[in-house]
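First comes the structure, then the notes that go with it.
The values are calculated or read from the model by the stated rules, or taken from the named source; none is laboratory data. Given the structure is predicted, the values throughout are model-derived calculations rather than measurements. Here the Cβ is made from the backbone with ideal geometry for all residues, glycine too, and neighbour counts use every protein chain on show. Please note that ligands, DNA and RNA were not included when accessible areas were found on the heavy atoms of the full protein model with its side chains. Shrake-Rupley method; radii C 1.70, N 1.55, O 1.52, S 1.80 Å.
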Amino acid sequence: MSDPLWFDPALCLIGGQWTPPASGETLPLINPSDGSTLAQIARGGSADIDAAVRAADAALADDWGRMPAFERGRILTRLGRLVLDRVDDLAALEATDVGKPLTQARADAVALARYCEFYGGAADKVMGETIPYLDGYTVYTLREPHGVTGHIVPWNYPMQIIGRSVGAALTMGNACVLKPAEEACLTALAFAHLAQEAGLPAGALNVVPGLGAEAGAALTAHPGIHHISFTGSVATGSLVQAAAARNVVPVTLELGGKSPQLVFDDADLDAALPFLVNAGCQNAGQTCSASSRILVQRGVYDEVRTRMAAAYADLTVGPAPEDLRLGPLISDRQKTIVEGFLAKGADLTIAAQGVIVDHAPATGAYVRPTLFTDVPPDHPLARDEIFGPVQVLIPFDTEEEAVEIANSTDYGLVASIWTANGARQMRLAKRLRAGQVFINNYGAGGGVELPFGGIGKSGHGREKGFEALYGFSQLKTVAALHG
Ligand code: TXE
């Protein structure tokens with residue numbers, strides 16, 4: 001493995017140049033495994049965002065804007081190769097920065113490479129159509145980039161979210177301004193270095209780290225931005241949408257969820273069990289598509305509770321490099337949020353908790369994974385996004401009741417159905433309010449190819465797959481009257 005920080009983390013990438021922020025100020029990046037300061041990152045602000053937007057605009061007027069689709073695809077494919085070559089370095093960076101167990105961080109780096117490969121291969125395969133029209137006309141459509149796209153990325157899966165958002169936007173020929181999260185931005189910077197190495201022209205990707213209220217707000221309010229893609233909280237997403245509305249700019253919002261898994265009496269429990277637990281505990285529960293509600297039919301409720309409790313008792317939590325089942329949360333702030341939810345559960349029954357290893361530093365942001373049982377569907381722990389390793393078990397009697405409970409939150413990102421009954425699988429796939437429904441699995445291994453996004457407070461717009469390419473482009477209709 002090479003030097004984990006093979007670049008200067010205190011710089012912004014603007015117009016192909018790595019430059020200090022205009023303020024000259026930095027922000028400390030905290031290692032959540034032990035509370036130490038990992039690095040200083042740039043405290044970018046409105047002047048840097050303005051320079052980045054101008055640089056992106058200039059790239060569109062220059063080589064990048066004229067580049068044939070297949071050449072953009074080649075650059076992305078090369079970038080995917082470079083990501084794979086540095087997979088261990090990227091995993092080490094992400095593990096330290098986010099507090100992810102190394103295995104998870106490595107999977108994220110591989111997923112980033114997959115996004116680059118998938119979109120690299122797709123670049124010259126997104127086509128318009130010809131439309132039969134009146135006599136004497138030829139009508140066709142063109143898929144064109146929006147122009148300058150803004151990307152606001154959170155701290156939980158930086159590499160995967162950059163892959164699905166920046167990867168798709170570049171593929172369609174947009175020029176990007178990326179604002180990574182202030183809590184974790186090392187792999188965003190590393191990715192930008194690799195993009196330069198892959199031959200991405202100056203200005204096609206600009207990166208301005210900084211605080212949400214400063215660099216983030218400046219990006220969303222900038223009149224030179226033509227599309228905004230945001231992943232984060234509902235509260236901030238709503239601010240982003242309001243800022244975009246002032247400039248009449250389209251937004252894609254991915255805002256998390258309260259995703260249920262529905263386990264019926266006829267489910268294959270051996271197959272379901274690992275998914276039931278892992279979907280709640282992966283990345284210490286800090287996953288937009290985390291499954292935090294497990295709805296179980298009464299006939300198997302006791303068995304599911306007993307088996308999940310046993311799995312919880314085996315969960316170990318500790319420093320990211322030790323690669324245990326869970327690392328710390330991202331920050332003390334997130335730990336306080338999760339502990340607040342655990343306190344709200346004081347009136348509930350805990351079925352089981354995992355264990356924080358004895359030697360985990362007291363200065364790390366660790367919480368015990370916790371499984372609550374017999375939780376009323378209207379309890380805050382059954383309705384609100386916790387974003388920590390906390391799951392609730394909710395019993396149900398009938399299919400109708402299960403659907404009603406599953407659809408009863410403000411969110412609608414992902415749902416899964418565990419049943420051997422094919423008719424029920426088809427019925428519920430239609431009735432569940434979610435952007436993705438899984439049948440006898442959860443998450444389908446990440447699914448770079450699978451359109452992803454929410455309903456209700458989970459947001460709108462779709463990322464991943466070909467669908468993202470349509471989102472990061474606009475359709476122009478050309479009607480030629482030639483007689
Ligand atoms: O989110 P924010 P936070 C949820 C999760 C978590 C909660 C708070 O429930 O507990 O949000 O996390 C940038 N204008 N999710 O505070 O504020 C910010 O710099 C423009 C779910 O970290 O939404 C960061 O880059 N941008 C989620 C990004 O927004 C602003 C992932 C996310 O930060 C901004 C993360 C502003 N005014 C948290 N303020 C998911 N869907 O996966 C902040 N930002």
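Can you tally the net charge around G120? Count Lys and Arg as +1, Asp and Glu as -1, for every other residue whose Cβ sits under 13 Å from the Cβ of G120. Don't jump to the answer; show the numbers that get you there.
On the way: positive: R72, R74, R78, R81, R114, K125; negative: E71, E117, D124.
Spelling it out: positives minus negatives among the neighbours equals +3.
Taking every pair of alpha-carbon atoms in segment 1-90, what share in percent sits in each 10 Å bin, from 0 to the bin with the longest distance?
The percentages, shortest bin first, are 15, 29, 36, 18, 2.
Rounding to the nearest 10 and keeping the result within 0 to 90°, find how far the Cα-based axis of helix 158-171 lies from the longest principal axis of the chain.
Around 30 degrees separate the two axes.
With +1 on each Lys and Arg Cβ and -1 on each Asp and Glu Cβ, and nothing else charged, work out how big the dipole of the chain is about its Cα centre, in Debye to the nearest 20. Intermediate results must be reported in sequence, preceding the final value.
Values: 36 positive and 52 negative charges, 172 e Å.
The dipole of the chain has a size of about 820 debye.
Ranked by accessible surface with a 1.4 Å probe, highest first, in what order do H482, H151 come?
H482, H151
For E385, E197, write out the residues from largest to smallest accessible area, computed with a 1.4 angstrom probe and no ligands counted.
Highest to lowest solvent-accessible surface, that is E197, E385.
If the reach is capped at under 20 angstrom between alpha carbons, list the aspartates and glutamates near K125, excluding any in the same chain fewer than eight residues apart.
E71, E117, E144, E449, E463, E467
S23 label point, 7 Å along Cα→Cβ, cut-off 11 Å on backbone N: hits in segment 213-237?
Within reach of a label on S23: 213-216.
Enumerate the residues in segment 382-409 having an amide nitrogen under 19 Å from the point lying 7 Å beyond the Cα of D265 toward its Cβ.
Counting backbone N atoms under 19 Å from the label point, the list is 394-405.
Would any residue of segment 441-483 have its amide N under 13 Å from a label point 7 Å out along Cα→Cβ of Y133? List them or say none.
Within reach of a label on Y133, which here means backbone N under 13 Å from a point 7 Å along Cα→Cβ, segment 441-483 contributes 476-483.
Counting only protein heavy atoms and using a 1.4 Å probe, what share of the accessible area of segment 339-483 belongs to carbon plus sulfur, as a whole percent?
Heavy-atom surface of segment 339-483 belonging to carbon and sulfur, 1.4 Å probe: 54 percent.
So, with +1 on the Cβ of K and R and -1 on the Cβ of D and E, and no other charges, what is the size of the charge dipole of segment 260-447 about its Cα centre, to the nearest 20 debye?
So the dipole magnitude of segment 260-447 works out to roughly 400 debye.
Given the options S292, V437, Q425, identify the residue whose Cα lies farthest towards the positive end of the charge dipole of segment 260-447 (+1 on Cβ of Lys, Arg; -1 on Cβ of Asp, Glu).
V437
When Lys and Arg each count +1 and Asp and Glu each count -1, what net charge do the other residues less than 14 Å away from T316, Cβ to Cβ, add up to?
Around T316, the surrounding residues sum to -2.
Taking the alpha-carbon distance from K335 and a cut-off under 28 Å, which lysines remain once sequence neighbours fewer than 8 residues away in the same chain are dropped?
Excluding near neighbours in sequence, the set is K100, K179, K258, K344, K457.
How high is the FRET efficiency between D62 and N441 when r is their beta carbon distance and R₀ equals 35 Å, given to the nearest 0.05?
0.15
Please sort 273-286, 422-435 by packing, taking for each peptide the average over its residues of neighbouring beta carbons within 10 angstrom, highest first.
In descending order of packing, they fall as 273-286, 422-435.
Which whole-number value in Å² is the accessible area per residue of the chain, probe 1.4 Å?
Heavy-atom accessible area per residue stands at 38 Å².
If you take the C-alpha gyration tensor of segment 302-358, multiply each eigenvalue by 5 and take the square root, what semi-axes do you get, largest first, in whole Å? Let's see the in-between values first.
On the way: eigenvalues 93, 69, 10 Å².
Over the Cα atoms of segment 302-358, the ellipsoid semi-axes are 22, 19, 7 Å.
In nm, what is the difference between 0.36 nm times the number of residues separating E197 and D124 and their Cα-Cα distance?
On the way: separation 73, 0.36 × 73 = 26.28 nm, distance 2.18 nm.
So the extension gain works out to 24.1 nm.
Can you pull the three principal axis extents for the Cα set of the chain, in Å, largest first?
For the chain, the Cα spread along each principal axis is 70, 62, 40 Å.
What number, rounded to the nearest 500 deg cm²/dmol, is the helix-based mean residue ellipticity at 222 nm of the chain, given -39500 (n - 2.57) per DSSP H run of at least four residues and division by all its residues? Don't skip to the end; give the middle numbers.
Details: 16 runs with 185 residues, N = 483.
Value at 222 nm, helices only: -12000 deg cm²/dmol.
Among 33-41, 78-86, 205-213, how do they line up from the highest to the lowest mean number of other beta-carbon atoms within 10 Å?
205-213, 78-86, 33-41
If I take the Cα coordinates of segment 165-289 and project them onto the principal axes, what are the three extents in Å, biggest first?
Cα extents, longest axis first: 55, 37, 28 Å.
How far, in nm, would the chain grow between T477 and A313 when pulled straight, counting 0.36 nm per residue and subtracting the alpha carbon separation?
Result: 53.1 nm gained on full extension.
Subtract the Cα-Cα distance of E339 and W6 from 0.36 nm times their separation in residues, and report this length gain in nm to one decimal. Intermediate results must be reported in sequence, preceding the final value.
Values: separation 333, 0.36 × 333 = 119.88 nm, distance 3.63 nm.
Length difference between fully extended and current span is 116.3 nm.
Among the DSSP beta bridges whose two residues both lie in the chain, what percent are antiparallel, rounded to the nearest 5?
Around 40 percent antiparallel, to the nearest 5.
If the viscosity is 0.890 mPa s and the temperature 25 °C, what translational diffusion coefficient in µm²/s does Stokes-Einstein give for segment 260-447 when Rh comes from Kirkwood over Cα pairs?
148
Taking 7 Å along the Cα-to-C-beta vector as the label spot, tell me the A245-R81 distance in nanometres, rounded to one decimal.
Reported label-point gap for A245 and R81 is 4.7 nm.
When only C-alpha pairs under 8 Å and at least 6 residues apart count, what is the relative contact order of the chain, in percent?
Once normalised by length, the contact order is 19 percent.
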